[in-house]
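Contents: one structure, followed by commentary.
The values are calculated or read from the model by the stated rules, or taken from the named source; none is laboratory data. Treat the numbers as computed from the prediction; the structure is a model and nothing was measured. Ideal geometry is used to build each Cβ from the backbone, glycine not excepted, and the neighbour counts take in all protein chains shown. The area values use the complete protein model at the heavy-atom level, side chains included, leaving out ligands, DNA and RNA. Shrake-Rupley method; radii C 1.70, N 1.55, O 1.52, S 1.80 Å.
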Amino acid sequence: MIITIHTQATSEERASLMTLLCRITGSQRPITSTTIGGQEVIALDSSTVDEQAQSALKQQSAVDRLVTPKTSYQLVSRTLMSESSVLVGDSRRCTPVTISTTSSPVIMAGPCAVENKEQLISIAHAVKQAGAHVLRGGAFKPRTSPYQFQGLGIEGLKLLSEAREATGLPVITEVMEPSMVDAVAEHADVLQIGSRNMQNFPLLTAAGKHRLKRPVMLKRGLSATIDEWLLAAEYILAAGNPNVLLCERGIRSYDPQTRNVLDLSCVPLLHELTHLPVIVDPSHATGKRELVPTMSRASIAAGAEGLIIEVHHDPNTALCDGRQSITPDQLRKIAAETKLLTRLMKEEQAIARVA
Ligand code: PEP
Ligand code: MN
């Protein structure tokens with residue numbers, strides 16, 4: 001159950017509501033409110049709110065309305081609002097970009113891993129020129145083998161800040177542990193939570209709570225169901241951060257021909273279930289650079305609000321994921337096709353509205 005709070009509620013009215021909520025929930029967890037689309041809301045497990053508790057809540061003057069989504073996820077539910085708009089980047093340090101259904105699709109691009117200064121800065125300039133809006137690059141890399149390149153760590157974060165300064169592009173990078181959220185948020189404009197950590201609940205909560213409230217891009221777990229994914233996103237919102245992007249990056253299957261199976265049906269499905277924007281990662285989904293352009297087009301056609309693509313100036317020498325990395329020239333073509341396709345789809349929608 002979601003409680004929406006009156007914008008004009010006084011501190012006494014709010015305190016009275018909080019006391020009642022502590023009584024109803026038995027103070028099992030701290031009551032946190034989240035501001036979503038300008039509306040302050042608190043979510044509760046509906047099973048703890050019986051009829052008597054509901055009528056007590058309705059009598060509280062701080063309460064605007066009670067919304068009961070029929071799903072286990074609450075704050076991410078489309079019942080609450082039709083679509084979120086996520087602002088990426090702070091204009092004091094980069095060129096911000098809005099990610100929403102009504103804006104043009106956003107392209108995030110860059111190397112899988114930050115390797116060194118020269119590599120990052122040259123790719124950053126190249127992806128910007130090719131039409132990217134956000135620079136990606138991993139400083140902390142979750143590698144399958146402990147003997148593989150693990151990323152430059154803090155040094156990589158500093159290089160990402162330098163790349164933002166040099167290009168004006170906001171940056172996205174992965175955070176792997178709760179204790180690192182604040183440090184990563186200082187340097188990053190978007191926190192990425194990777195597939196392997198989709199259900200790292202302390203990490204999700206830390207990303208929800210952190211002071212700077214940077215947007216969080218939550219990648220789908222290797223074999224996560226949509227409901228598990230949405231409930232993982234719910235952790236971030238429930239901890240106070242409404243700025244969440246979902247990223248489909250393929251799910252495990254039996255066929256080694258592609259690294260994963262890109263579940264594009266999840267894009268329109270998520271648009272029915274949640275207000276959160278959806279980003280598609282055709283690089284990790286396919287694992288093969290020759291499939292990236294086609295699956296990028298398919299993702300835009302399916303309605304994705306953005307793409308995240310691995311780009312390297314010399315993919316064959318990349319320290320991580322070179323096989324699925326494309327060149328800046330190939331990215332330029334994808335960016336142009338994305339624009340064209342978006343224009344076509346908008347025209348189509350306009351015609352459909354008139355007809
Ligand atoms: C990545 O983006 O480089 C990455 C490790 O992705 P995923 O978590 O989807 O495997
Ligand atoms: Mn990668």
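Numerical summary
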read-out: Some residue of the stretch 35-57 being part of a loop (DSSP other than H, G, I, E, B), farther than 21 Å from N243 by Cβ and either among the hydroxyl-bearing types (S, T, Y) or open to solvent by 70 Å² or more (accessible area, probe 1.4 Å) (or both); value: yes
read-out: Test: residue in the stretch 133-144 that is within 15 Å of ligand 1 (Cβ to nearest atom), more than 23 Å from D314 (Cα to Cα) and in contact with a helix residue (DSSP H, G or I) (Cβ under 8 Å, 6 or more places away or on another chain); value: no
read-out: Selection within the stretch 131-155 - part of a loop (DSSP other than H, G, I, E, B) and over 19 Å from the mean Cα position of the chain (by Cα); value: G131, R143, T144, S145, P146, Y147, Q148, F149, Q150, G151, L152, G153
read-out: Close pairs (6 angstrom Cβ cut-off, 6 or more residues apart or separate chains): away from ligand 1 (no atom under 16 Å from the Cβ) in the stretch 181-196, β-branched (V, I, T) anywhere; value: V181/V175
read-out: Criterion (more than 14 Å from ligand 1 (Cβ to nearest atom) and either at pLDDT 95 or above or more than 21 Å from the chain's Cα centre (by Cα) (or both)) met by exactly one of A335, A285; value: A335
read-out: Extreme residue, farthest from G89 (Cα to Cα), among residues of the stretch 183-205 that are part of a helix (DSSP H, G or I) and within 16 Å of ligand 2 (Cβ to nearest atom); value: R196
read-out: Residue tally, condition open to solvent by less than 100 Å² (accessible area, probe 1.4 Å), over 30 Å from K117 (Cβ atoms) and not β-branched (V, I, T), over the stretch 318-345; value: 3
read-out: Test: residue in the stretch 258-279 that is surrounded by 19 or more Cβ atoms within 10 Å (Cβ to Cβ), within 22 Å of A124 (Cα to Cα) and modelled with pLDDT of 95 or more; value: yes
read-out: Residue identified as in contact (Cβ under 8 Å) with a residue 60 or more places away in the chain, open to solvent by less than 10 Å² (accessible area, probe 1.4 Å) and not basic (K, R) among A113, A124; value: A113
read-out: Among the candidates T19, T32, residue that is hydroxyl-bearing (S, T, Y) and part of a loop (DSSP other than H, G, I, E, B); value: T32
read-out: Scope the stretch 19-31; condition open to solvent by less than 50 Å² (accessible area, probe 1.4 Å) and closer than 23 Å to I236 by Cβ; matching residues; value: L21, T25, I31
read-out: Check on G322, within 16 Å of ligand 1 (Cβ to nearest atom) and farther than 25 Å from V267 by Cβ; value: yes
read-out: Residue satisfying condition, being assigned to a helix (DSSP H, G or I), of a type in the set (K, R) and either within 16 Å of ligand 1 (Cβ to nearest atom) or out of contact with any strand residue (DSSP E or B) (no Cβ under 8 Å at 6 or more places or on another chain) (or both), within set K158, K128; value: K158
read-out: Unmet requirement for I308, which otherwise passes all of (1) aliphatic (A, V, I, L, M); (2) under 28 Å from Q74 (Cβ atoms); (3) away from ligand 2 (no atom under 16 Å from the Cβ); (4) in contact with a strand residue (DSSP E or B) (Cβ under 8 Å, 6 or more places away or on another chain); value: (3)
read-out: Qualifying residue in the stretch 247-263 (condition: within 16 Å of ligand 2 (Cβ to nearest atom), in contact with a strand residue (DSSP E or B) (Cβ under 8 Å, 6 or more places away or on another chain) and in contact (Cβ under 8 Å) with a residue 60 or more places away in the chain); value: yes
read-out: Residue that is surrounded by the fewest Cβ atoms within 10 Å (Cβ to Cβ) [pool: residues in the stretch 218-237 that are more than 17 Å from I251 (Cβ to Cβ) and touching a strand residue (DSSP E or B) at 6+ places or on another chain (Cβ under 7 Å)]; value: L237
